[in-house]
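I have placed the structure first, in the form of structure tokens, so that the comments after it can refer back to it.
The values are calculated or read from the model by the stated rules, or taken from the named source; none is laboratory data. Every value quoted in this text rests on a predicted model; they were computed, and no experiment measured them. Quick reminder, even Gly has a Cβ in these numbers, built from the backbone with ideal geometry, and neighbours come from all protein chains shown.
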Amino acid sequence: MQLSIIALPIFLLAATPFVNFPQATPPAAPATTAPAPAQAQGGDFKIDDTHSCSLFRVQHLHAGQFWGRFNNIAGTFTLSTDPAKMKFDVSIETDSVDTGNAKLDGHLKSTDFFNTKEFPAMTFKSTGCTKIDDDHFALSGDLTMHGVTKSVSTVIEVTGWGFDTGKGARAGAEAKFKINRSDFGVSYGVENGALGNETTIIVGLEGIAA
């Protein structure tokens, strides 16, 4: 009898692996449905100036390329598979010019260059568009700078589509083009060769669905 009492726990222990105990069901992971990105068919967008900027580049003393940027940019744009519906209306605050050097910034804001007090903004308004491929369009429009308006042409690239939780669809576009700044009355340093006349402008836009 004593042997049986001792053997019983051993038997139960040995038999444990063969007993099918009910398995605990792990909690189900919450369903996650990724929000659909903005549809590539297009839409109207308000420029998000935190994630947009305008860069410019001009040659200094026939040597290096001098870069600057404008930090404050506003406006709207419309993207579409139909180029006739593509529109860009962009305004850049000239007083937001930023080269990383306060002395240079002050000179660029003066009457030698952007004359920001008299001309607080430069603007671009598109006037026409033709499709090159799904992501590239030939865009023409009126650029106003330093009180002068000239027609310019560029290739605009649709850089992507996305979704911002809480704010909605987003889209991006980028353009790069060249101007002669003297055409807009900004000719300081051109005659003596201190600064180049040809200026490269790059505008990178990100917009939130309007």
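Being small (G, A, S) and modelled with pLDDT of 95 or more is the filter; apply it to segment 186-208 and report the residue that is surrounded by the most Cβ atoms within 10 Å (Cβ to Cβ). Can you show your working first?
Step one: list which residues in segment 186-208 are small (G, A, S), which gives 187, 189, 193-194, 196, 204, 207.
Keeping just the survivors that are modelled with pLDDT of 95 or more gives 187, 189, 194, 196, 204, 207.
Working: S187: 15, G189: 17, A194: 12, G196: 19, G204: 17, G207: 24.
Per the stated criteria, the residue is G207.
Restricting to segment 62-117, give me the number of residues that are surrounded by 15 or more Cβ atoms within 10 Å (Cβ to Cβ) and among the polar types (S, T, N, Q).
The qualifying residues number 11.
Among the candidates V148, V152, V190, V186, which residue alone is touching a strand residue (DSSP E or B) at 6+ places or on another chain (Cβ under 7 Å) and either within 23 Å of R57 (Cβ to Cβ) or small (G, A, S) (or both)?
Working: V148 fails: touching a strand residue (DSSP E or B) at 6+ places or on another chain (Cβ under 7 Å); V190 fails: touching a strand residue (DSSP E or B) at 6+ places or on another chain (Cβ under 7 Å); V186 fails: touching a strand residue (DSSP E or B) at 6+ places or on another chain (Cβ under 7 Å).
From the options V148, V152, V190, V186, the qualifying one is V152.
In segment 183-203, is there at least one residue being farther than 24 Å from S110 by Cβ and not hydrophobic (A, V, I, L, M, F, W, C)?
Taking every residue of segment 183-203 in turn, none turns out to be farther than 24 Å from S110 by Cβ and not hydrophobic (A, V, I, L, M, F, W, C).
Residues of segment 174-210 being touching a residue at least 12 places away in the same chain (Cβ under 8 Å), in contact with a helix residue (DSSP H, G or I) (Cβ under 8 Å, 6 or more places away or on another chain) and farther than 19 Å from K150 by Cα, which ones?
E206, the sole residue that qualifies.
I need the full set of residues from segment 77-103 which are assigned to a strand (DSSP E or B) and farther than 22 Å from D134 by Cβ, in order please. Spell out how you get there, then give the answer.
Taking segment 77-103 as the starting set, the residues that turn out to be assigned to a strand (DSSP E or B) are 77-80, 87-93, 97-98.
Those that are assigned to a strand (DSSP E or B) and farther than 22 Å from D134 by Cβ: D89, V90, S91, I92, E93, V97, D98.
Any chance you could count how many residues in segment 169-184 are part of a strand (DSSP E or B) and surrounded by 13 or more Cβ atoms within 10 Å (Cβ to Cβ)?
Restricting attention to segment 169-184, the residues satisfying the condition of being part of a strand (DSSP E or B) are 169-180.
Still in the running and surrounded by 13 or more Cβ atoms within 10 Å (Cβ to Cβ): 169-177, 179-180.
Of the residues in that region, 11 qualify.
I'd like the residue in segment 40-61 that is crowded, with 18+ Cβ neighbours inside 10 Å and of a type in the set (S, T, N, Q) and, out of all such residues, is nearest to the chain's Cα centre (by Cα).
My answer is S52.
If you take the residues of segment 133-149 that are farther than 30 Å from D112 by Cβ and surrounded by fewer than 13 Cβ atoms within 10 Å (Cβ to Cβ), which of them is nearest to the chain's Cα centre (by Cα)?
H136
Of everything in segment 122-132, what is buried (at least 17 other Cβ atoms within 10 Å of the Cβ) and closer than 23 Å to W67 by Cα? Give them in sequence order.
Our first condition is that a residue be buried (at least 17 other Cβ atoms within 10 Å of the Cβ); within segment 122-132, this holds for 122, 124, 126, 129.
Of everything in segment 122-132, those that are buried (at least 17 other Cβ atoms within 10 Å of the Cβ) and closer than 23 Å to W67 by Cα turn out to be M122, F124.
Against the condition free of Cβ contacts under 8 Å to residues at least 24 places away in the same chain, surrounded by fewer than 16 Cβ atoms within 10 Å (Cβ to Cβ) and closer than 20 Å to H51 by Cα, how does G166 come out, does it pass? Steps first, answer last, please.
Working: free of Cβ contacts under 8 Å to residues at least 24 places away in the same chain: yes; surrounded by fewer than 16 Cβ atoms within 10 Å (Cβ to Cβ): yes; closer than 20 Å to H51 by Cα: yes.
Yes: the conditions hold for G166.
Name the single residue, out of those in segment 48-93 being without any contact (Cβ under 8 Å) to a residue 40 or more places away in the chain and of a type in the set (S, T, Y), that is nearest to E206 (Cα to Cα).
Within segment 48-93, the match that is nearest to E206 (Cα to Cα) is T50.
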